[in-house]
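Structure first, commentary second.
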Amino acid sequence: MTTNTPAATGPSGPGDTKALPRTQDPQSRAASQILAAATELFHERSPASVSLREIARKAGVNYGLIHHYYGTKEAILAEVFRRSSDRGADVVSAAGDVEAVLGLLGQDPKAYARMLAWAILDSDTSQVFTGPTPAVTRLRELIEEQWATDGAGHPAADHADQDQRPDQDHPTGFDPRVVAATAVLAVMGWGLFAPFLIPAAGLGDRSEDDIRAEVRALVTRMAAAAAPPGP
């Protein structure tokens with residue numbers, strides 16, 4: 001049985017599960033069906049509440065194949081995020097600037113952000129998140145390229161009075177990895193918490209798409225302002 005899996009979008013996405021070709025090796029097809037079923041279930045509720053038997057049942061495979069291919073639920077969750085990350089890297093690799101990447105990462109991120117939040121809150125993530133993801137790495141690279149193009153920030157003469165420096169606590173500039181992570185947090189945070197943030201901030205008179213576009217522009221400007229000071 002082949003499952004239809006909703007798209008996963010976020011700093012590791014976007015991604016989707018395509019129909020498996022009939023010529024695909026049966027064992028490989030079973031492994032893919034397991035991942036497709038797990039992804040759909042993890043989008044719907046916390047991974048901690050999803051059992052391996054439920055994944056096998058939804059995938060239409062023998063329960064023993066779960067252990068044969070993956071062993072544990074944490075291993076399945078790690079593979080779900082890894083594949084989503086790889087697909088996300090393909091999408092953002094052609095993006096030409098920071099705001100374009102943020103736009104791609106912010107495309108309908110609710111399902112992915114929800115799965116990510118559940119995984120962090122309810123699971124042992126030591127086996128799940130083990131290193132940098134291609135999409136966030138690409139964003140960090142673009143931020144560094146933007147800094148270089150803009151001349152590495154503001155000249156020191158613009159801030160002759162040290163007490164007036166906007167980055168007084170970070171006189172050599174901010175870590176681009178922190179800037180990239182904060183940018184992703186802002187975009188994904190709006191995707192997940194917009195139902196609360198829009199009324200809380202009195203933004204009910206504006207469309208959500210318009211607000212998201214402004215958030216992307218604001219975060220892009222923030223990333224540029226975080227550049228190290230020039231000579």
Legend entry - Hits in region 198-220 (condition: over 20 Å from the mean Cα position of the chain (by Cα) and either in a helix (DSSP H, G or I) or touching a residue at least 24 places away in the same chain (Cβ under 8 Å) (or both)): Ile198, Pro199, Ala200, Asp210
Legend entry - Ala100 closer than 29 Å to Ala223 by Cβ and either over 11 Å from the mean Cα position of the chain (by Cα) or surrounded by fewer than 18 Cβ atoms within 10 Å (Cβ to Cβ) (or both): yes
Inset, instruction - Filter region 129-164 down to residues that are outside any helix (DSSP H, G or I), modelled with pLDDT of 80 or more and touching a helix residue (DSSP H, G or I) at 6+ places or on another chain (Cβ under 9 Å), then give me how many there are. - result: 3
Legend entry - Boolean, Pro171 is more than 18 Å from Ala100 (Cα to Cα), modelled with pLDDT under 80, assigned to a loop (DSSP other than H, G, I, E, B) and not charged (D, E, K, R): yes
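The values are calculated or read from the model by the stated rules, or taken from the named source; none is laboratory data. These figures come from a predicted structure and were not determined experimentally. Neighbour counts are summed over all protein chains in view; Cβ atoms, including those assigned to glycine, are modelled from backbone coordinates with ideal geometry.
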